[in-house]
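Student: Here it is: the structure, laid out below.
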Amino acid sequence: MDNSKVRSQGFEENTMALLDSSGIKDSRDIHDDRIAFLEAVRSISLDCDSNRPPSWNMYNATFKMLRDSKSLELVIASFQLLTELNQKFPRTCLVNEAESPDILVNNEAWSPLILGTEGIHVEGQGSKITTDLLDPAAFANLVDGNAEDFNRTGFELGIEPLQNMLLFQYLVEVLEADFITRQILYKESLNWILFRESMLNMLLGSRKIHYKNLFKNCMAIILRRSHHQILKEDCKMSTDEFNVPLATALTEVKRRMYIAMKKFLTLIMDLDLVRRQADSRGATSRIDGTRSSALEIILDELTYNIHDLSPFLMAFSEPKWKLEVILQYLSKYCMKSSVRTRRANIPNEITVDYVLSNFSTTVNAKTIAKKISSGIFQILLAHLFQACLSIQEDNCTDNSPKKMGSALAEISMKFVSAIQNLRKIDEGLEIMPFVKEALFTARLVAVRIENDAMQI
């Protein structure tokens, strides 16, 4: 056995010994030892030049603190350490990027998720199951628990809700790191197997979860954010010393939880897009299984629960998928020509320009408004314009600009015209503040682009 391996084992033994609470120790001593353990792991893996990740047992002990500790300091410290370790030592990474890029997956590395196997290989110990890690069923239960907390009018202040939210945030970061690495290589190779073997695909494809219920719980958390309730009212605060810092931490963690949930939904929708592309090329097979796409579930939920439409669009701000959701939603109400010779006027993929053209006259607008209220249409059109504006500002290089169908200046003018026609057919229509802001911006954009064109 070489000296480096002996030193590594010796360090692990000494570090893990800090977690041995046998003997007479009060709670403060145990707490201090755990803080010392986290600092030791950070020192050897993050605060020095060595590229040595923690051992499997060190990772697992840190993860256990995040899940089980009753100390706010330990929960936050373990979460931060795990997050930084995930950034420095990803389980999936690109190799040979300059010559022949490929994916390297370290299957021996510790992972918080048990996916696709019945056991885990632990250094020198063969196959071992640990209750500290999460399988797909435990992940679904975690999301379900968070959704229950968020849907209550308030919940008692405690460490467990904060732990569950931090745990979810960390798991999303792990899933994202694996997904993005594969996404980089996929753009060059178009190899569906990269995503078939992704952690996210294995998680969502597991028979241990009810995928639709999982996704609906995710939407419930997104919707909770949009109701503009003051976060500090969501927990019943007391003024004792412990609850004040906990309430402060919980407020910030809840804000970050919403961000993580939007990221999770976006990853699922990106995966669905790759799956559709693979299907069209005949690259998928029966082993890939079937499940409803995220977009289908969102459209179904917003169709049957129309009161959730505006809150969801307010909260779900990712422009590419927000645009797609609205276009697909509006496609059910857009006018379709009954004359075969005019079908060429309808694009294969519905665009923003095509949708707005259906509101170009009061006659058309009145026909469409019979299917759904003009109040709902003004919300949809305003969010549609907002998504176009964001896509233009972000200089998106994907298919999103094609979804617009025409230049932003033309879309701006057609949006203003569409809202004007809605007001003509519904004199009692009250323009919402959000829509007024969008109209003001649209007019400015149209004038600015027109002036720039004249100067050229």
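The values are calculated or read from the model by the stated rules, or taken from the named source; none is laboratory data. Keep in mind that this is a model prediction, so the values were computed, not measured. FYI the Cβ positions are ideal-geometry reconstructions off the backbone, even for glycines, and counts take in every protein chain you see. Ligands, DNA and RNA are excluded from the accessible area calculation, which covers all protein heavy atoms including side chains. Shrake-Rupley method; radii C 1.70, N 1.55, O 1.52, S 1.80 Å.
Student: From the set of residues in the stretch 277-298 that are open to solvent by less than 30 Å² (accessible area, probe 1.4 Å) and among the aliphatic types (A, V, I, L, M), which is farthest from L267 (Cα to Cα)?
Tutor: A278
Student: Hey, does the stretch 140-153 have a residue that's in contact with a Lys or Arg (Cβ under 9 Å, 6 or more places away or on another chain), modelled with pLDDT of 95 or more and buried (at least 19 other Cβ atoms within 10 Å of the Cβ)? Even if it seems obvious, please write down each step before you answer.
Tutor: Start the filter on the stretch 140-153 by keeping residues that are in contact with a Lys or Arg (Cβ under 9 Å, 6 or more places away or on another chain), which leaves 140, 147, 150-151.
Remaining after also requiring modelled with pLDDT of 95 or more: 140.
If we keep only those that are buried (at least 19 other Cβ atoms within 10 Å of the Cβ) as well, we get 140.
Yes.
Student: Considering only the stretch 55-74, I want to know if a residue exists there that is surrounded by fewer than 17 Cβ atoms within 10 Å (Cβ to Cβ) and of a type in the set (A, V, I, L, M).
Tutor: no
Student: List the residue pairs whose Cβ atoms are under 8 Å apart, where the first residue sits in the stretch 347-374 and is under 16 Å from L323 (Cβ atoms), the second is of a type in the set (D, E, K, R) and crowded, with 16+ Cβ neighbours inside 10 Å, and the two are 6 or more positions apart or on different chains.
Tutor: Correct list of pairs: E349/K403; T351/K403; V352/K403; D353/E410; D353/K414; L356/K414.
Student: Taking only pairs six or more apart or across chains, which ones have beta-carbon atoms under 6 Å, a first residue in the stretch 317-334 that is open to solvent by less than 10 Å² (accessible area, probe 1.4 Å), and a second residue that is small (G, A, S)?
Tutor: Between residues of the stretch 317-334 that are open to solvent by less than 10 Å² (accessible area, probe 1.4 Å) and residues that are small (G, A, S), the close pairs are K322/A387; L323/A387.
Student: Is there a residue in the stretch 185-194 that is in contact (Cβ under 8 Å) with a residue 60 or more places away in the chain and within 19 Å of the chain's Cα centre (by Cα)?
Tutor: Within the stretch 185-194, none of the residues are in contact (Cβ under 8 Å) with a residue 60 or more places away in the chain and within 19 Å of the chain's Cα centre (by Cα).
Student: Return a yes/no flag: does the stretch 90-100 have any residue that is over 30 Å from R196 (Cα atoms) and either at pLDDT 90 or above or open to solvent by less than 80 Å² (accessible area, probe 1.4 Å) (or both).
Tutor: Within the stretch 90-100, the subset over 30 Å from R196 (Cα atoms) is none.
No.
Student: I would also like to ask the following. For the stretch 101-136, what are the residues that are surrounded by 14 or more Cβ atoms within 10 Å (Cβ to Cβ), touching a Ser or Thr at 6+ places or on another chain (Cβ under 9 Å), at pLDDT 75 or above and not in a loop (DSSP other than H, G, I, E, B)?
Tutor: Scanning the stretch 101-136 gives I103, V105, P136.
Student: Those residues that are surrounded by fewer than 18 Cβ atoms within 10 Å (Cβ to Cβ) and polar (S, T, N, Q), I need them from the stretch 75-85; list them, please.
Tutor: Q80, T83
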